[in-house]
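Notes for the one structure printed next.
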Amino acid sequence: MLSPELSESTGFLVRRVQHLHSQLWLHGGDSDVSPVQFGVLSLLETNPGVDQRELGDILELDRSTVTEIVTRMERRNYLKRTRDDADRRRKILTLTDQGRRLLVELRPHANKVAAAFVGHLRQADREELNRLLRLVLEGGRAETSEDSAVLSPPLNGSRAEGPKSSG
């Protein structure tokens, strides 16, 4: 049984929910494609011409993680990486035919995982859950982009001035 502190800890619960999703994805899946790789395939389908940096920004992954994922997927011929003629530093990502076929094959599995993950919730509750998660993400992005001091209070635990409220 969880302690009251952990059962009320949003971060702890989010981590457990993410772990549950990963377990559901792995269970019954015939592919060795991870949920993040499925996301890359889907994003490349809907964002043709995206570059490696933009992909990292959309997925909120650091550059080395994106490079590792893209390299692995390129080796498996799921995507192609080409240099932009106008800006040689830019690496354009494109789905290959094999990547497109894999995405089509994986969609039923992704739908099955979604059903197992949140299918027991009413539609209105799923929509509310997604709305709240987007709010958390947007708030977290604002906090990390404004000032790192917001996330790193002084070692003595006190803060001279808290975050400003607009209320």
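The values are calculated or read from the model by the stated rules, or taken from the named source; none is laboratory data. Values in this document were obtained by computation on a predicted structure and should not be read as measured data. Glycine also receives a Cβ, built like all others from the backbone with ideal geometry; neighbour counts cover every protein chain displayed. For the accessible areas, the whole protein counts, side chains as well, though only heavy atoms, and no ligand, DNA or RNA atoms are used. Shrake-Rupley method; radii C 1.70, N 1.55, O 1.52, S 1.80 Å.
Within segment 81-108, the set of residues being of a type in the set (Lys, Arg), open to solvent by 100 Å² or more (accessible area, probe 1.4 Å) and more than 21 Å from the chain's Cα centre (by Cα) comprises 83, 88, 89, 101. Residues that are within 28 Å of residue 50 (Cα to Cα), among the aliphatic types (A, V, I, L, M) and touching a residue at least 40 places away in the same chain (Cβ under 8 Å) do occur in segment 112-124, at least one of them. Across segment 20-32, the qualifying residues are those that are open to solvent by less than 60 Å² (accessible area, probe 1.4 Å) and in contact with a His (Cβ under 9 Å, 6 or more places away or on another chain), and the one among them that is farthest from residue 96 (Cα to Cα) is 28. In segment 37-68, the qualifying residues are those that are more than 10 Å from the chain's Cα centre (by Cα), of a type in the set (A, V, I, L, M, F, W, C) and assigned to a helix (DSSP H, G or I), and the one that is surrounded by the fewest Cβ atoms within 10 Å (Cβ to Cβ) is 43.
Taken over segment 113-154, the criterion of being in contact with a helix residue (DSSP H, G or I) (Cβ under 6 Å, 6 or more places away or on another chain) and at pLDDT 85 or above is satisfied by 113, 116, 117, 118, 126. Residue 61 meets each of the listed conditions (1) in contact with a Lys or Arg (Cβ under 6 Å, 6 or more places away or on another chain); (2) more than 14 Å from residue 95 (Cβ to Cβ) apart from (1).
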